[in-house]
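Encoded as structure tokens, the structure appears first; notes follow it.
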Amino acid sequence: MTVPLSFFMKRQKTDKILTVFDEHVPGLGVRVNRSGRQVFILKFNLKGRAVWRTLGSTDFMTLDQARRLASRMKALARGGDDPTDLIQSFQIKEGIALQGVIDVSRFAEIYIDRHAREHKKSWKKDEQRLKFYVLPVLGKRGLSEISRDDLSRLHREIGKRSHYSANRVIEQLHTMFRLATIWGYLPETWPNPASGIKQYKERARDRFVLPSEMPRLAAAIAAHEDPFVRAALQLYLYTGMRKMELLSLRWSYVDLEFGEIRLPDTKNGRPHRIPLAAPALKILASLPKKGINPYVFPGKIAGTHLSRIDKAWQKIRKEARLEDVRLHDLRRTVGSWVVQSSKNLTIVGDILNQTNQNVTRVYSRFTNDHVRDALNAHAAQLSEYF
């Protein structure tokens, strides 16, 4: 006996994802996720191949509307035309909210353009996470189809390779679904599927280049064939600048006479002035300028800056026998060496342009001399009693 679609119009949880087809319009069905969320889907043939399309959530579309839309789409497909665009026009004509139609891939574009690019200095990282982790798995799914179980599975899969990346992806998706309700792509009461997912414990990384290791690293950097890569890595160690702030450095930000770099805008949203030691000044003064390129480290294409030095770094760290040292560890090296010599975390925060003292405080782990001094003083007091 065929179960009518109307039976599934009441939300109910299931043990697995179900797809139940309509008894009136062939190919029309309701897909029921484990959370009980339901969306209308349509399977039809287009130029000899099977095609699936999400028509909308049952929260926004009635069964009668789904049947009328499905019938029109199948008629177009029989004529050889892709009927996908009919979905949105039908929704608008019927006065149905577009929330149930938009897929994750399209909303990801909206998120990047409307939020990440405008409000986040690191928006390209958001874009990369979506591209590599989210869209290959969930990109074609309707936004309203995504359940907590879907995201929990995604989190576990990414976590097999990287706990850090898995946690960042879920945090980003939580923001995306929150904005989806604010912007009207999902109902205001829609539960955020990224909520309640237990994140992996992360161990703060404390690797930095030791003084005994620095001669090998310096020699490997000096031996690299690209003068701009050499200079970039050396300045990385002399200044502690963030990688992209360094690679995108403009000559207009460099004052060789006064001996400083002035960044008008940084990751934390404020300008930053970086005094240059004599060796750093010498490196900058020796760099050739390529035509009218405004960047200190020019890219291969005219008018662009060097954007990736990861491949060069892989080669250099291998030659230096420091294969566990990541590129960002060079910035950490600056912080660790400064705190060991000065015992002053405030200075480290000023050098690295960090406003969060909790972030800066991590460098106190790189030396325990102050702990040793305190325990020696404590022992001196105790010695009176033993």
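From the list 140, 121, 93, the one residue that fits, being under 18 Å from residue 171 (Cα atoms) and surrounded by fewer than 18 Cβ atoms within 10 Å (Cβ to Cβ), is 121. Among the residues making up the stretch 285-307, those that are part of a loop (DSSP other than H, G, I, E, B) and among the hydroxyl-bearing types (Ser, Thr, Tyr) are 304, 307. Scanning the stretch 200-256 for residues that are within 30 Å of residue 160 (Cα to Cα) and not in a helix (DSSP H, G or I) gives 200, 201, 202, 203, 204, 205, 206, 207, 208, 209, 242. Residue 346 fulfils the conditions (1) within 24 Å of the chain's Cα centre (by Cα); (2) at pLDDT below 80; (3) polar (S, T, N, Q) except for a single criterion, (1).
Conditions tested, residue by residue: (1) surrounded by fewer than 18 Cβ atoms within 10 Å (Cβ to Cβ); (2) under 21 Å from residue 334 (Cβ atoms); (3) in contact (Cβ under 8 Å) with a residue 40 or more places away in the chain; (4) in the same structural domain as residue 315 (by TED's automatic domain parsing).
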position	(1), (2), (3), (4)
242	no, yes, yes, yes
259	yes, yes, no, yes
273	yes, yes, no, yes
277	yes, yes, no, yes
290	yes, no, no, yes
293	yes, no, no, yes
298	no, no, yes, yes
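Given the condition small (Gly, Ala, Ser) and in contact with a strand residue (DSSP E or B) (Cβ under 7 Å, 6 or more places away or on another chain), answer yes or no: does some residue in the stretch 141-152 qualify? Yes, that holds for at least one residue. Beta carbons closer than 8 Å, at least 6 apart along the sequence or on distinct chains, pair a first residue in the stretch 188-203 that is touching a residue at least 24 places away in the same chain (Cβ under 8 Å) with a second that is of a type in the set (Gly, Ala, Ser) for 190/144; 190/180; 193/35; 193/147; 197/152; 199/166; 200/159; 200/166. Residue pairs whose Cβ atoms lie under 9 Å apart, separated by 6 or more positions or on different chains, with the first residue in the stretch 169-187 and basic (Lys, Arg) and the second not in a helix (DSSP H, G or I), are 178/192; 178/194.
The values are calculated or read from the model by the stated rules, or taken from the named source; none is laboratory data. Predicted model only: the values in this text are computed from it and were never measured. FYI the Cβ positions are ideal-geometry reconstructions off the backbone, even for glycines, and counts take in every protein chain you see.
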